[in-house]
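I have placed the structure first, in the form of structure tokens, so that the comments after it can refer back to it.
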Amino acid sequence: MNDLIQKLVEAFGPSGFEDGVRALIRPEVAPYADEVRVDALGNLIVRKKGDGSGLKVMIAAHMDEIGVMVTHITKEGFLRFTNIGGVRPHGLWGSRVQFADGRIGIIGADRQEDRSKIHGLDKHFIDVGASSAADCPVEVGAAAGFVRPFHASGKFLSAKSMDDRIGCFVAIEALKRLESTPHDVHFVFSVQEEVGVRGALTAAHAINPDVGLALDVTMTGDVPETFPMAISLGKGAAIKVKDSGMIAHTGLVKLMRQRATKASIPHQMEVLEGGSTDARSIQIANGGAAAGCISIPCRYVHSQSETVHADDVEACVALLVEILAKPMAL
Ligand code: CO
Ligand code: ZN
């Protein structure tokens, strides 16, 4: 389990530049799929056909991660940059980023008079060891992702892109375990979630599912002095009821809860006050779909050490298989 997770979370894939992640996932899923295709945006769409008696179901896990993009280069050869998705300036100082060609850059920041303050992104720069703009090996428009090796401390798994490679892992693993299904299931490994759930929107328009489920991380309320939230690491799959972009289909929430209870899968109910997932796009595409989300609890979301618990990952896989393997009445 950890080998595949490690490969996924260490891959390069800022929003819009998911090719490397897609190349990793494709051979993992192809032997279990009836159809595999890539759409114009870059979504990897993997279909497993049912026996014709069930519903059309879309499962979405996003391949992209947050990152940065070079906006201009100073005459001394330092790269100024903008964010790709929700990059926070806290903790950028001294971070390492990697470009598509593997080149590493170090993030520095302008001098700060008042050290208790944190600079905005515009006061940070990337140092790639160039001495002038002319000899800088990186161009304006180049994207970079953060660099941090995967780390497992017992069941606590940390990486720079658990959001949402761990969701991709849950989808891959569920597909592998799903022996048969009544449903026409489309697993979408989506692009550009972090910049506004874009890939899932076009995929949902094309697939037009009856039911949609996103697999994504959610925050937790179990660390000191954090925003209060009834989600803890290690306490099971989180069944989303609401986030700031979606109110989940009540019938689907009820079904997930019943299935989890019946199969003794640890679970917790989630209300996330900030943020959303691909399920938002699925819910409102075309004429709409019954949408929900199975969330993997994650500490330090959008940091370089996003941390999940192996038991929760397993619970999410088990719950997804439980849902897809049987008929659903919503
Ligand atoms: Co995210
Ligand atoms: Zn995410």
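The values are calculated or read from the model by the stated rules, or taken from the named source; none is laboratory data. In this text, all values refer to a predicted model and were calculated from it rather than measured experimentally. As a convention, Cβ positions derive from the backbone with ideal geometry for all residues, glycine included, and neighbour counts pool all protein chains shown. What goes into the accessible areas is simple: the full protein's heavy atoms, side chains included, and nothing from ligands, DNA or RNA. Shrake-Rupley method; radii C 1.70, N 1.55, O 1.52, S 1.80 Å.
Between Ile294, Ser131, Ile25, whose Cα lies farthest towards the positive end of the dipole of the chain when Lys and Arg beta carbons carry +1 and Asp and Glu beta carbons carry -1, centred on the Cα centre?
Result: Ile294.
Once segment 12-153 is represented by equal point scatterers at the alpha-carbon sites, with solvent omitted, what log10 I(q)/I(0) does the Debye formula produce at q = 0.11, 0.12, 0.17 Å⁻¹?
The calculated log intensity ratios at q = 0.11, 0.12, 0.17 Å⁻¹ are -0.54, -0.62, -0.96.
Can you give the extra length, in nm with one decimal, that the chain gains between Arg96 and Ala263 once fully stretched, where that is 0.36 nm per residue apart less the Cα-Cα distance?
On the way: separation 167, 0.36 × 167 = 60.12 nm, distance 4.32 nm.
Between Arg96 and Ala263, full extension yields an extra 55.8 nm.
Using unit Cβ charges (K, R positive; D, E negative) and no other charged atoms, how large, in debye to the nearest 20, is the dipole of segment 98-211 about its Cα centre? Don't skip to the answer; put the middle values down first.
Working: 12 positive and 16 negative charges, 85 e Å.
Dipole magnitude for segment 98-211 comes out near 400 debye.
Please compute the alpha carbon radius of gyration of segment 172-330, then divide it by the globular-protein estimate 2.2 N^0.38 Å. Two decimals is fine.
Details: Rg = 14.9 Å, N = 159, 2.2 N^0.38 = 15.1 Å.
Normalised Cα radius of gyration, segment 172-330: 0.98.
If the only charges are +1 at each Lys and Arg Cβ and -1 at each Asp and Glu Cβ, what is the size of the charge dipole of the chain around the Cα centre, to the nearest 20 debye?
Values: 34 positive and 40 negative charges, 105 e Å.
Around 500 debye, computed over the chain.
Compute the relative contact order of segment 67-146 as a whole-number percentage, counting only Cα pairs closer than 8 Å that sit 6 or more residues apart in sequence.
On the way: 161 pairs, mean separation 34.5, N = 80.
43 percent.
With Rg and the Kirkwood Rh both taken from Cα atoms, where does Rg over Rh land for segment 121-228?
Numbers: Rg = 19.6 Å, Rh = 18.2 Å.
The Rg/Rh ratio comes out at 1.07.
Cut-off 12 Å, label point 7 angstrom out along Cα-to-Cβ of Glu76: give me the residues of segment 82-121 whose amide nitrogen falls inside.
108-111
Tell me which GluC sites (Glu not before Pro) from segment 53-122 have a DSSP coil assignment and no more than 14 other beta carbons within 10 Å of their own. Provide the component values of the computation, followed by the final result.
Numbers: sites: Glu65, Glu76, Glu113; in loops: Glu76, Glu113.
Filter output for segment 53-122: Glu76, Glu113.
Please state the shape class of segment 73-177: rounded when a/c is under 1.5, otherwise prolate if a/b exceeds b/c and oblate if not, all from the C-alpha gyration tensor.
Numbers: a/c = 2.66, a/b = 1.72, b/c = 1.55.
It is prolate, given that a/c is not under 1.5 and a/b is the larger ratio.
Segment 175-232: D in µm²/s via Stokes-Einstein (Kirkwood Rh, Cα pairs, 37 °C, 0.692 mPa s)?
Numbers: Rh = 14.4 Å.
The diffusion coefficient I find is 228 µm²/s.
Tilt of helix 250-262 relative to the longest C-alpha principal axis of the chain, in degrees (0 to 90, nearest 10)?
Long axis of 250-262 versus the principal axis of the chain: about 80 degrees.
Restricting attention to segment 135-222, which trypsin sites (Lys or Arg not before Pro) occupy a DSSP loop and are surrounded by at most 15 other Cβ atoms within 10 Å? The partial results should precede the final answer.
Working: sites: Lys155, Lys160, Arg165, Lys176, Arg177, Arg198; in loops: Lys155, Lys160.
Counting only loop positions with at most 15 other Cβ atoms within 10 Å, the trypsin sites (Lys or Arg not before Pro) in segment 135-222 are Lys155.
What do you get for the angle between helix 19-29 and the principal long axis of the chain? Use alpha-carbon atoms, 0 to 90 degrees, nearest ten.
Once rounded, one gets 30 degrees.
Given Cβ point charges of +1 (Lys, Arg) and -1 (Asp, Glu) and nothing else, what value in debye, to the nearest 20, does the dipole of segment 1-159 about its Cα centre take?
Numbers: 19 positive and 20 negative charges, 79 e Å.
That gives segment 1-159 a dipole magnitude of about 380 debye.
Mind checking segment 64-113 for trypsin sites (Lys or Arg not before Pro) that DSSP puts in a loop (not H, G, I, E or B) and that have at most 10 other Cβ atoms within 10 Å? Can you show the working numbers first?
Working: sites: Lys75, Arg80, Arg96, Arg103, Arg111; in loops: Lys75, Arg103, Arg111.
When the trypsin sites (Lys or Arg not before Pro) of segment 64-113 are filtered for loop state and at most 10 Cβ neighbours within 10 Å, Lys75, Arg111 remain.
If the viscosity is 1.306 mPa s and the temperature 10 °C, what translational diffusion coefficient in µm²/s does Stokes-Einstein give for the chain when Rh comes from Kirkwood over Cα pairs?
Approximately 79 µm²/s, per Stokes-Einstein.
Taking +1 at the Cβ of each Lys and Arg and -1 at the Cβ of each Asp and Glu, which of Ile282, Ala11, Val68 sits farthest along the dipole of the chain towards its positive end, judged by Cα position relative to the Cα centre?
Looking along the dipole axis, the top candidate is Ile282.
Taking the Cβ-Cβ separation of Asp122 and Thr226 as r and a Förster radius of 30 Å, what is the calculated FRET efficiency to the nearest 0.05? Intermediate results must be reported in sequence, preceding the final value.
Values: r = 28 Å, r/R0 = 0.92.
After rounding to 0.05, the efficiency reads 0.60.
Within the accessible area of the chain, what % is carbon and sulfur when the probe is 1.4 Å and the other protein chains stay in place? Don't jump to the answer; show the numbers that get you there.
Values: 7140 of 13980 Å².
On the chain, the fraction of accessible area on carbon and sulfur atoms equals 51 percent.
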